[in-house]
Amino acid sequence: MTGTRVRAERRATLSEVSLEIGRLGLMVGLPATGKTTYLAALYHGSEEGDVPEALHVARLTGDRTYLNEIRDRWLRCEEAEHTATGQEKEVSIEFLDPAGGSLEVVVPDMSGESFASYWEHRGWPESFDIRVKAAAGVLLFLHPNQLHERQLIEAMDEVLAGLGEDAAQRESGAPDPEPEWSPDTSPDQVKLVDVLQSMARRRPPGAILPIAVVVSAWDVLPPGESPQHWVESRIPLVSQYLEANDAVHPSRIFGISAQGGDIATDRERLLSLSPSERIQVVGDGVANQHDITAPVRWLLSLAERGLR
Amino acid sequence: MATVPTAVCSLEGCPANSGGACLEGHETIDECPNVVGVESPDGGEVAPDDEPDEGGTQPVEERRVDLPRGSALTALEANPILARGDATTVLLAGEAESGKTTLLAALYERFQDGPFEDYLFAGSDTLPAFEERCFLARVASGRSTATTKRTTLTDSPRMLHLGLTHRTSRVHRDLLAVDVAGERFTAARNNNDAWDAIPIMGSLDRFVLLIDGAKIAEPATRQQVLSASRQLMRSALEAGVVAPNIVDVVVTKWDLVQQAGDQALSAVENVLERLNAVAGAEGQINEIRTAARSETEFVAAGYGLDELLRSWLEEARQRRTLPSTADLPQPLSPFDRYQGQS
């Protein structure tokens, strides 16, 4: 029987089992990419046990205050509170399966702001480095409405020309500045590739690091869109990097709506559904569209096949 | 006599506090970032906020692991990439503002939109360096016109790196592009010894001579830029730093050349003939016209980048597999034939 051990502490004590190579799943992402909402739904889905294919809770241990708080907000169809830097907790949930495999999913940085700083400051904490080296896989979170994309001046000129604005007229004002580059201005896809390739390089040569890409808030995208196509078109640098490095980074892309809809405008309908029915999951290999644990099951399946 | 306090791990149940193995895998408790205080041998605990005893242990801040800076690479830093055996090294040579850095930035930007010429972006050791060079052409800079930060003479020659994987063959290539300030090539045009200041001249796969299309387009500068280009190539060949069969001649800002009309176009044809003459019988110059950006509607931005990439990744590889002239059997001299040598 699959199971989940649940533990959330201010600084998680990772078990000796999970620090053994191949038993740790890292949940990472830039700020406001849906990690907290997903975690709340994941905790509920794996503990409630009403979705047949989902991983289930085997036993509850440790302090679950934080997980219960975010789960309760999710059940009430309320927005997750933003986790500020300095308040982040390292949260973990351990999943077990009948074959004896285990995967402890850890969120080392709930706010995402530390994750964002790795690109800018060219370094990360030793505790994160330990987890990177021990990881069996990564859940990488992206939010369609929170993506910082690059805009070229020439492309903007074409758009404005189409609206009847003359580039020469715009140029005739004050001299153009030549500011120094600041790393925070780089597009998100560059930051994500940089962190992924840095993670790969911190691991032993040839060690694989599977990536489950989770596109959160899937409900905001038009019907018929596929997670694969979204990643190819909106973060093409990450898409190419994963495809080119599929031997080191086997990957699968999931579109997940943990809320099930817009809680600002559709809350009444969402509250009328059973919580698990709110959850929407799409992607290759997803057998049940309400199985919030699908990305974790995929990582666990690779760990069990010894692909590490 | 004062005793040395020992460190305490804050994690509940950590065996390291009683001499066992650290729960997080550190070899000694002193390395563990969870150490928050010290415990005196008599069992009392010193809280982190307490003033430490003289010679006592301060609470330990978590150590940080540094990642590579991502700056453009020195020749030494590029060695691991070169050692992999799949690298193509190119040098963009041209006067200041001829478009060297802009061309490299445009190639990198092209991959930000998706695969290019059947190649996938596979990673880069110099992502921050590329981002810095692209910045002034992006809306985030606050500019109304795109430009590229000049490579200054104080910047020592460095290399930008792009890892690329062919989409169908899955063959990996590392592209190393040497980014050098234009003033160094002015110096080389004036004195062959100046080539010594530019790294890896001896191991280039492509020597890319840039001719500034903006100067070709202007009658006042047309002849001067064509003469300077020919002299630069001649200097490189006579200094022995470049073989004549690895040369790309790239006319940049082709949109401006085309806009300038027949005299500019004919000047380009003329300089190519003269460059071919300089290269001699063994020369195999590859002529490419590019427009990394475009100010006209007749030439698209990114024009020629496809041909450039193919030259660097495919033609360079082909040339590397051809036997050098030193490997080919040498013809007998008349003296050897007289002596009956075979």
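Which whole-number percentage describes the relative contact order of region B:229-301, with Cα contacts under 8 Å and a sequence gap of 6 or more? Intermediate results must be reported in sequence, preceding the final value.
Numbers: 86 pairs, mean separation 31.9, N = 73.
It comes to 44 percent, rounded to a whole number.
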*What is the Cα centroid distance between region A:105-146 and region B:175-193, reported in whole angstrom?*
41 Å
_Largest to smallest accessible area among A:Glu90, A:Glu78, A:Glu232 [probe 1.4 Å]_ = A:Glu232, A:Glu78, A:Glu90
_Percent of C-alpha pairs per 5 Å bin, region A:249-308, short to long_ = 4, 18, 23, 18, 14, 10, 6, 4, 2, 0
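Over region B:125-180, with every protein chain in place, what whole percent of the accessible area is carbon and sulfur at 1.4 Å, could you tell me? Write down the numbers at each step before the final one.
Details: 990 of 1900 Å².
That share works out to 52 percent.
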*Toward the positive end of the charge dipole of region A:204-282, about the Cα centre and with charges on Cβ (Lys, Arg +1; Asp, Glu -1), which of A:Trp218, A:Ser251, A:Gly206 goes farthest?*
A:Gly206
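Over region B:57-192, what relative contact order in percent results from Cα pairs under 8 Å that are six or more residues apart? Don't skip to the answer; put the middle values down first.
On the way: 192 pairs, mean separation 45.9, N = 136.
Relative CO of region B:57-192 lands at 34 percent.
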*Name the long-range amide H neighbours of A:Gly25: under 5 Å, sequence gap of 5 or more, or other chain; modelled H, no Pro or chain starts.*
A:Glu104, A:Val105, A:Val106, A:Ala136
*In this model, which of A:Lys191/B:Lys100; A:Lys191/B:Lys149; A:Lys133/B:Lys149; A:Lys191/B:Lys215 are farther than 31 Å apart at the alpha-carbon?*
A:Lys133/B:Lys149; A:Lys191/B:Lys215
*asked:* Quick one: the Cα spread of region A:164-308 along its three principal axes, in angstroms, biggest first?
replied: 61, 51, 23
*Averaging over all projection directions, find the projected area of the Cα convex hull of region B:226-317 and quote it in nm² with one decimal place.*
6.2 nm²
*Provide a list, ordered by number, of residues in region A:221-269 showing at least 10 Å² less accessible area with every protein chain present than when their chain is taken on its own, using a 1.4 Å probe.*
A:Pro236, A:Leu237, A:Gln240, A:Tyr241, A:Glu243, A:Ala244, A:Asn245, A:Asp246
*Just the accessible area for A:His121, please: 1.4 Å probe, Å², rounded to the nearest 10?*
100 Å²
_Chain pair B, A: total accessible area buried, heavy atoms, 1.4 Å probe, Å²_ = 4700 Å²
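Looking only at other chains, what is the average number of their beta-carbon atoms within 10 angstrom of each beta-carbon in A:152-161? Walk me through the numbers on the way to the answer.
On the way: counts 11, 13, 11, 4, 4, 4, 2, 0, 1, 1.
Across the residues of A:152-161, the mean count of other-chain Cβ atoms within 10 Å is 5.
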*Cα centroid of region A:229-268 to Cα centroid of region B:243-292, whole Å*: 45 Å
*How large is the charge dipole for region A:113-153, taken about the Cα centre, if only the Cβ atoms of Lys, Arg (+1) and Asp, Glu (-1) carry charge, to the nearest 20 debye?*
120 debye
*With every protein chain left in place, what is the accessible area per residue of region B:62-200 in square angstrom, probe 1.4 Å?*
37 Å²
*For region A:150-308, what is the accessible area per residue in Å² when the probe is 1.4 Å?*
45 Å²
*Please report, in debye to the nearest 20, how large the charge dipole of region A:195-271 is about its Cα centre when each Lys and Arg carries +1 at its beta carbon and each Asp and Glu carries -1 there.*
460 debye
*Put +1 on the Cβ of each Lys and Arg and -1 on the Cβ of each Asp and Glu in region B:217-262; which of B:Ala228, B:Thr252, B:Ala217 then has its Cα farthest toward the positive end of the dipole?*
B:Ala228
*Formal net charge of residues neighbouring A:Arg122 (Cβ-Cβ distance under 14 Å; K, R +1; D, E -1)*: -3
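The values are calculated or read from the model by the stated rules, or taken from the named source; none is laboratory data. On a predicted model such as this, the values are computed, not experimentally measured, just so you know. Virtual Cβ from ideal backbone geometry, glycine too; neighbours counted across all protein chains shown. The protein model used for the area step is the full one, side chains on, heavy atoms only, and it has no ligands, DNA or RNA in it. Shrake-Rupley method; radii C 1.70, N 1.55, O 1.52, S 1.80 Å.
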